[in-house]
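Data block below; observations after.
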Amino acid sequence: METFFSLLPQTLVNGLTLGSVYALIALGYSMVYGILKLLNFAHGDIYMIGAYLGYGVFIMFFTEQGALIPTALIIVLMLVVAMTGAGVISIVVERFAYRPLRYAPRIAPLISALGVSFILQNMVQITVSPRPLSYGSDTLIPRNAIFELGDLRIHASRLLVIGAAMIFMLFLTYFVRQTRLGRAMRAVSTDLDGAAMMGVDVNQVIVLTFFIGAALAGAGGVLVGIVFFSLRHTMGFLAGLKGFTAAVVGGIGSMPGAVLGGLLLGLAEAFTSVYLSATYKDVVAFVMLIFILLVKPSGLMGKPLLQKV
Amino acid sequence: MPSDPSENGKTTPEKGAGTEPPRIGTDEWVAQVASRKRQTRGFSGWLAMRWERIPLGWRFGMVLSLLILIPLATNTQAFLDLLGISNNAFIVRTATRFLVFALLAIGLNVVVGYAGLLDLGYVAFYGIAGYLYAYLSSDFVRIGSLGIDGLHVPALLSIPLIIAVTAMVGWLIGTISLRLSGDYLAIVTLGFGQVFVQLVLTSTRVRVPWQDRPVNFTRGPNGINRLDDVTLFGYTFESTIQYYYLFLVLLVLVYIGVRHLNFSRVGRAWRSIREDELAAEVMGAPTGRLKILAFVIGAGIAALAGSVDAAWQGNVVPVPRYSVLTLINLYAMVVLGGIGSLTGVVIGAFIFTVLPEVLRSSAVAGVLFYGAGLIGLYFLLKPFKRYALILIGTVSSGFLLKFLVLTLLPGLHTGLPEPGSILNQAVQSWLVIPADYKLVGNVVTGLSALVLLLTILARQRPRLFYPLLGISIYMLAFSWETRLALEPSATRILIVGATLVVLMIVRPHGLLGKPEVRVV
Amino acid sequence: MSREDSAPILRLKGINTFYGPIHILQDVDLEIYPGELVCLLGGNASGKSTTLKTVLGIVSPASGSVEFLGKTVTDRSTSHRIKNGMAVVPENRRIFGDMTVRENLLMGAYLRQDQEGIEADMKRMLDLFPRLAERIQQLGSTLSGGEQQMLAMARALMSRPTLLLMDEPSMGLAPVLVKQNFELIREINAQGTTVFMVEQNANMALSIADRGYVLQTGRIALTDTAGKLLQNEALRKAYLGR
Amino acid sequence: MPLLEVNGVNLSFGGLRAIQNLSFEVEDQEIVSLIGPNGAGKSTALNVLTGIYPPDSGEIRYRGTSLLGLKPHAITALGVARTFQTLRVFLNLSVIENVMTGAYCHSHSSLLATALRLPSWRREEMRIRSLAEKNLAFFGDRLMGYRHDQPAYSLSYANRRRLEIARAMTTGATLLLLDEPAAGMNPNESAEMTELIGKLRDEAGYTILLIEHDMNVVGNISDRVIALDYGQKIAEGTFESVTSDPKVIEAYLGHQTGGEA
C-alpha cells in the first residue's frame, strides 16, 4: 500500500504527459470525423511528419558546438515549423486523396487514407532514414531541470508538454466557441449543406479543419520527441491508433471528449505500467476502450443517436 | 415519355425543347436511367461484353482450369528460361499465398461486403485458428502430470474443431460489439485484434495456480514451429504444390457456398441491412442475428484458411502475419476488387499478393514503373501525336540540359557508380546525375511529389500543364534512378500506397463493384 | 404582373442537370423580375428542389446558365451568390440544433463584415419576432416547429437579401401555421424583397404569388400569372384537386 | 376480440410527451385512418406499434398477444407490417428482390441447404418468388415484366410507394400500417391509391391502419377516423363526425379548408 501512494503522484504526471499527447492527436481525428465522418487513418503519420520536421529544426540549430540560439527559441521554432509543415501536408493530402472521394462509398476514403499512410511513411524512410533518430537525452532540456514538490520530482520537459498541450487546447476552444470561423466549423459539422446555404465556403472550412487538426498532431510529435528523445518513421501507426481510440472513448466528433479520452488513455497506460506490468499497457488500454464503449456506446461525451424514422 | 439516352452533360439544342410537352400530372418515369443500356464503349467495354456472353459455368471452368494449370505450366523449361529462373518454387509459393488470401478475403467480404460491418478485428480469427492448430498439432503442449507430450490431433478432427471454436469466438465478439453501430464497431473490433496480438506477444511468463513456474503460452514473437502437416484419409500434404491444390479445392468450395448464400434469403437480407437497417428489421429480418451470422461465417472461413495455412507454413508467428498490416492488405483486396463482388475480391487478392512480390526485384519494378508511367501518360495525353510530342520534348530538353551542364559546369555530372540494367542506362543517358546523388535524390524525390501534385492541379491550363508535366517526368525519372530504385523495400510499399490512392479515386467502388445509388 | 420593362433579377437559361445517370432538369428556363413573388410548383421529385439548388449553386448544371443581377454566376460559388444578395430558407428549415438562437442568426449574417449593421439587424429581427428574443440563448433544437420556422426566416433576412429563396415553406407545418407563414412571406415581399418560392401546396402558393412556373418531370410545363394558373384546367385537375 | 388493441400508451422523448394516454382499437377487415397536424404523434404511434420505440407505459395487443418488448422483426412475423412516410425501399436491390426480402420471416431454408442448393431450398425460393410476383401483380401493369429486374432507384416516386406496399404484403401480415401512402402523389394517383387500398381490404382481406393528410383519400375509404393532436386522441368516429368536430377544425383543418393540407 505504501508503495502505491508513493508512486501515485509520479504516475499521475507520467499519465498526464502521455495523455496530453494522445489528446492532441485525438483532437485532429475527432474534428475531421465531426465534419466529414471520415476516419483519417493517415493522421498518425501526420504526427510522425511533425516529429521529423521538429527534429530537422533541432539539428539545424543544435550543432556539435551546442545551441546556436537560446533553447527556448529552438523549441518554439520547432513547434512552429512542425505545426505549419504538418498542416500544409495535411491540406495537400485532403485535396488529393480525400476530396475526390467526398461522395464515394464510406470505405473508399478509408483505403485511400491507408495508401497515404504508406506513402508518407516510406517517403520519410527513403528520404531521411529507416533507422530511429535520437535527440540525445539532455541536449534540449538538461537532465537536472527538475522541479521538486515534496517527494514529487517533475522533469521540466513533462511540464512543458502538459503546459503546451493545455495552451493549444484552450486556444482551440476559444477559436471554435467565439470566432466567426469557429462558428462556421460547428455549423458545417452539424449540417454541411445547411451551412453551405448560409454562404459558408465548405471547402475552406474543411481545409481549415484539416490544418488545425494536423498542426495539433504535429505539435504532439515535437513534444513526444522532447520527452522521449527519439523518433522513427513507423511511430505514427501506434500513436494514430491510440489517438483514434482516445477520440472514440471520448465520443468521436466531440472535442472535449477527445481531450478527456486522451487523458484517460494516458493515465490508464501509466497506471498499468507502474502497478501491473509495462507489457500489458496496450492490452489494458484496449480492454478499457471496449468496456467503456459497452457501457456507453456513443463514448463518454458523444451524443446518443436517436434513430430517425 | 421520351427518354434521353446517355450523353451525360452535353446537350444538343434541338433535344428536349422540340419534343412533345410533358403532360401535367403524370409522374411516370422520374428517373430516366441511362444505365439501363449496357455500356459498351471502348475496348474494355467490348471485352466485358464478350466475357459476359460466355455462360457462367464455362467462365468458372476457364478460370479454374487456368488455376489448376499454373504450377504445371510454370514448371516447363521454356517458361523458366523466359523468366531466367532455375525453378518455379517462388511462383508456386506466391500462388499459394494468393489462394490463402483469396479465402481470407472472401470471408472478410461476407462481413464487410454483404453485411456492411466494418470489422477491423478480422485478422485475429485468422490468428486464433493458427494458434489453435499449433496447439493441437505440434509438440508444444506438454503436460507432464498427464503424460501429454505434444498433441497430434488428426486434421480431419482438429480443423473442424478449430473452425467451430473460432466461429464461437466470432459469435461472442459479434454479440458484444453489435451493441455498437458503425464506426464504434470498427474500433472495438480493432481493439480486439490488437488485444489478440498483444496477448500472444506478452503471454510468455504467465503465472497459473496449478503450476509453480510461470508458463510460456505462446513463445511470444518467436511463435511456435514444427507444426504437423495436414493428413486427410491417409494422404499427407507436404510440399507447397500439394498445399496449393488443397487450397484450390477449399477456395472453390467456399466460393460456391458463399455465392449460393448471397443469392438466397440470407444474402437478400444482408443486402437489405446494408441498404437500410431499420427498414430491413421492420420487414421481418432479424438484423441482429443476421449480422452475428455474418460475423460467424467470416470467422469460420478465416479459421479454415488460418489452420491449413499454419500447417502449410509449418509455424505460427504473431507479427507480421496476424497484425494490422495483414488486415490492411485484406481490406485493400476487398475494396479494390469491389466490395460485395466475390469475383472482384478474388481478383483483388491476386493483385495484392502478386504486385508486392513482383516489385521485390528492382529490375522488374523498374520495368513496371516506367511501363505503367508510359501507358498512363498515353491515356492522359491521347491522341498519340500529342503523347509523342510531349515525350520527345521532355527527353530532348533533358539532353539539352545535360549538354549545357557538361559544357558549362563539367564537374557536375558524374553518373551513378552502378548504372544498372539497360533500361536504367537508357533513362540515365539524358539525366544529369551529380556526385552526391543520394542527397540530391532525397530533395528531388520530395520535390517531385510536390511538382506532380501541382501538375495535377494545373491540368485545365495547357500552357502551365505541359511544361509542368515535362518537369515532373524528368524529376520522377531522376528520383527513380537516384533513390527509389536503390531502396526497393520502401519503394515497393510506396508504390502500393500510391496504387491504393489512385485506384480509389479512379474507381471508388472497386474494379468489379457496382456504384451504389444513395438518395434520389 | 411580370415587369418586362426592367431587367430580370434572376434568369435561368437552358439548365440541364444530372444526378448520376438520371437526367433531373431538362432545359429549364426561368426569369424573375425585381419585386416579384414567383412560385415554382410541381409534384414530388419533379426537380423543384434541384432548381433551387441550381440557383444557389449547390448543384452545378451540366449545361445552361444562371444569371443573377445581370451577371452570369453559373460557375461562381454559393458563397459568392449569397454575398451578392441571395438568401435561402431551406427545406425543413435546417436550424443548427447545437447552436443558440443568437448563433443561428449570426450564421445568417456569416458573409457580412459590418459588426454594427449586424447588431442592428439582429435587433430588428428580434423586434419582428419577439418569440425569438425570449429564446435568444436557447439551443436551436429546443424550439418548436413554428419557432424554428420564424428562426429560419429571420436567419435568412439577416443577410439583407435582394432575392429570398424559399424551399417548401409549408412542409411539416400544421395548416394554421402554414397560413401565418404565407402571410409573412407576402409581407416581406411587400416590403421590397423579391421572393422565389418552391412549393408543393399549389393553392396556397398561387394565392399569394404574382406568377408561377409548373415543373413536370424536370421540365417547365406551364408558366403564367398566378390568376391564370388558378384557372388552368390541366393544373386544376393535377394539383388543385377540384 | 379486436385485431389490434392499443390501451393507455404513453411515450416521451426527453421532456417532450410524444404520445399521451393513447387508446384505440382496430377490428378485423377495417380501414382506420389517423389524422392530425404534423408532430401530433401519428408516425410515432406507428413506430410504437411496430416496436421501433418501446412505449413508457400502456399495452398493445395484436390478436390478444402483447407486442410489448418484442423486436420489430418479431412483430412483423406475427402479422403487422408497415410502410414508411419517407420511403425506405432498398434502392440498390432490384424490384423483385425488394419484395422478396419481405418473405424472410416465413422462410426457413438452413444454411447448409442454401449453400448446397438442395431441392428443399429450390422449392422455397420458387415459392418466395412466385409470392413476390403475385403481390407485384396486385398493382396492375405498374410494376410488371421487365421492371422486376431493374434497380429500385430507377422507379418513380409513386411506384416506390407501391413497391413498399408490395414488400409489406409479402411479409404475410394481415394488418398493414400505411404511413401517408398518397403523399407526394397528384390527385389522379391519389385516387388510384385510394381504390387500391379499398381493394387490399375487399379482395385480399387485409386490415388497414392509415396515416394520411389527403382528406379525399381519408374520406373515401375510412370506416373510422381518429384525430390526434399533441399526442392525444381528440376525436374518433366517422369521417363526417370527426371532420366537423370543432377541436379538429381548430387544431388541424383550419376554418376555410383551401384544399389539401
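The values are calculated or read from the model by the stated rules, or taken from the named source; none is laboratory data. Just so we're clear, the structure is a prediction, and the values are computed from it rather than from any experiment. Neighbour counts are summed over all protein chains in view; Cβ atoms, including those assigned to glycine, are modelled from backbone coordinates with ideal geometry. What goes into the accessible areas is simple: the full protein's heavy atoms, side chains included, and nothing from ligands, DNA or RNA. Shrake-Rupley method; radii C 1.70, N 1.55, O 1.52, S 1.80 Å.
Computed from backbone phi, the HN-Hα couplings of the range B:205-216 come to 9, 9, 7, 10, x, 8, 10, 7, 9, x, 9, 8 Hz, rounded to whole numbers (Karplus: 6.51 cos²θ - 1.76 cosθ + 1.60, θ = phi - 60°; Gly and Pro given as x). Ordering B:273, B:94, B:412 by Cα displacement along the dipole of chain B toward the positive end leaves B:412 in first place; charges were set at the Cβ atoms of Lys, Arg (+1) and Asp, Glu (-1).
The Cβ shell under 14 Å around residue D:127 holds other residues with a net charge of +2, Lys and Arg each +1, Asp and Glu each -1.
Give me, ordered by chain and number, the residues 5 or more places off residue B:435 or on other chains with an amide H under 5 Å from its own placed amide H. Under 5 Å from the amide H of residue B:435: B:414. Of the residues B:183, A:193, the one with the largest accessible area comes first in the ranking A:193, B:183, computed with a 1.4 Å probe on protein heavy atoms.
Take the alpha carbon gyration tensor of the range B:423-516, find the square roots of its eigenvalues, order them as a ≥ b ≥ c, and report rounded if a/c is under 1.5; if not, report prolate when a/b exceeds b/c, else oblate. The shape class here is oblate. Averaging the sequence gap over all C-alpha pairs within less than 8 Å and six or more residues apart, then dividing by the number of residues, gives the range B:217-294 a relative contact order of 13 percent.
Among the residues of D:79-87, the average count of other protein chain beta-carbon atoms within 10 Å of the residue beta-carbon is 2. Where does the Debye-calculated log10 I(q)/I(0) of the range D:133-205 sit at q = 0.12, 0.15, 0.19, 0.24 Å⁻¹, using only Cα point scatterers of equal weight, no solvent? Result of the Debye calculation: -0.30, -0.48, -0.80, -1.28. Taking every residue in D:152-163 and counting other chain Cβ atoms within 10 Å of its Cβ, the average works out to 6. Within the full protein context, the accessible area of residue D:229 is estimated at about 30 Å² for a probe radius of 1.4 Å.
If every alpha-carbon in chain B counts as one equal scatterer, what log10 I(q)/I(0) does Debye give at q = 0.05 1/Å? One equal scatterer on each Cα of chain B leads to -0.28. Taken residue by residue and averaged, Cβ atoms of other chains lying within 10 Å of the Cβ of D:166-172 number 2. When only alpha carbons of the range A:155-309 are considered, Rg and Dmax amount to 17.6, 55 Å. Between B and D, buried accessible area from a 1.4 angstrom probe totals roughly 3800 Å², ignoring ligands, DNA and RNA. In the range D:90-155, Cα pairs under 8 Å separated by at least six residues give a relative contact order of 59 percent.
Remark on residue C:215: its backbone amide H falls under 5 Å from those of C:41, C:42, C:221, a criterion applied only to residues 5 or more positions apart or on other chains, H modelled at 1.01 Å from N.
For chain B, complete DSSP H runs whose alpha carbons reach 27 Å or more along their own long axis and whose mean Kyte-Doolittle score is -1.0 or higher are B:89-108, B:155-177, B:182-202, B:240-262, B:287-313, B:362-381, B:384-408, B:437-457, B:462-482.
Each Lys or Arg adds one and each Asp or Glu subtracts one; over the other residues with Cβ under 11 Å from the Cβ of residue B:429, this totals 0.
Rolling a 1.4 Å probe over the heavy atoms of the protein chains gives the protein assembly as shown an accessible area of 43 Å² per residue. Largest accessible area first, the listed residues D:149, C:27 line up as D:149, C:27 when surface is computed with a 1.4 Å probe on the assembled protein chains.
Between the helical axis of A:202-228 and the dominant principal axis of chain A, each derived from Cα atoms, what acute angle in degrees is found, rounded to the nearest 10? Around 20 degrees separate the two axes.
Buried accessible surface for the C/B pair, both sides summed and rounded to the nearest 100, is 1900 Å² with a 1.4 Å probe. Sorting B:375, B:68, C:82 by solvent-accessible area of protein heavy atoms yields B:375, B:68, C:82, largest first, with a 1.4 Å probe. For the range A:6-295, list log₁₀ I(q)/I(0) at each q in 0.07, 0.09, 0.15 Å⁻¹, using the Debye formula over Cα point scatterers of equal strength and ignoring solvent, two decimals each. Relative scattering, expressed as log10 I(q)/I(0), comes to -0.26, -0.43, -1.16. By the gyration tensor of its Cα atoms, with a ≥ b ≥ c the square roots of the eigenvalues, what is the shape of the range B:100-358: rounded for a/c under 1.5, prolate for a/b over b/c, or oblate? Cα axes put the range B:100-358 in the prolate bin. Evaluated with a Cβ-only charge set (Lys, Arg +1; Asp, Glu -1), the protein assembly as shown carries a dipole of roughly 2500 debye about its Cα centre, given to the nearest 20.
Report the residue, chosen from A:197, A:235, A:78, that carries the largest GNM mean-square fluctuation when chain A is represented by alpha-carbon nodes joined by springs under 10 Å. The residue that fluctuates most here is A:197. For chain C, the longest principal axis of the C-alpha atoms and the axis of helix C:145-157 are separated by about 80°. Given a 1.4 angstrom probe, I'd like the percentage of the accessible area of chain C that is carbon and sulfur, rounded to a whole number. Within chain C, the accessible surface is 49 percent carbon and sulfur.
Taking the accessible area of the range A:6-295, probe 1.4 Å, and keeping the other protein chains in place, the carbon and sulfur fraction comes to 69%. Taking the average, over residues, of other Cβ atoms within 10 Å as the packing measure, peptides B:324-335, B:145-156, D:235-246 rank B:324-335, D:235-246, B:145-156 from highest down. Along the range C:221-231 the Karplus relation, 6.51 cos²θ - 1.76 cosθ + 1.60 evaluated at θ = phi - 60°, assigns HN-Hα couplings of 8, 8, 8, 6, 6, 4, x, 5, 5, 4, 8 Hz to successive residues, with x for each Gly and Pro. Summarising the amide proton neighbourhood of residue C:194: residues at separation of 5 or more, or on other chains, whose placed amide H is nearer than 5 Å comprise C:35, C:164. Most tightly packed first, judged by the mean number of other beta-carbon atoms within 10 Å of their residues, the peptides B:233-242, A:281-290 read A:281-290, B:233-242.
Peptide packing for B:52-63, D:46-57, B:214-225, A:208-219 was compared via the average number of neighbouring C-beta atoms within 10 Å per residue; ordered from the highest value, the list is A:208-219, D:46-57, B:214-225, B:52-63. Only one residue of B:325, B:466, B:376 has its Cα farthest out toward the positive end of the dipole of chain B, where Lys and Arg carry +1 and Asp and Glu -1 on Cβ, and that residue is B:466.
Rg/Rh, computed from the Cα trace of the protein assembly as shown with Rh as the Kirkwood radius, has the value 0.97. Taking +1 at the Cβ of each Lys and Arg and -1 at the Cβ of each Asp and Glu, which of B:444, B:216, B:286 sits farthest along the dipole of the protein assembly as shown towards its positive end, judged by Cα position relative to the Cα centre? Final value for the positive-end residue is B:444. Rolling a 1.4 Å probe over the protein chains gives residue D:12 an accessible area of about 50 Å². Chain B packed on chain A takes about 4300 Å² of accessible surface away from a 1.4 Å probe, both sides summed.
Here the Karplus relation 6.51 cos²θ - 1.76 cosθ + 1.60, evaluated at θ = phi - 60°, turns the backbone of the range A:55-66 into coupling constants of 5, x, 4, 4, 6, 5, 9, 10, 8, 5, 6, x Hz, with x for every Gly and Pro.
For chain B, the carbon plus sulfur part of the accessible surface works out to 68%, probe radius 1.4 Å.
Measuring nothing but how far apart in sequence close Cα pairs (under 8 Å, 6+ apart) lie, relative to its length, the range B:100-358 scores a relative contact order of 38 percent.
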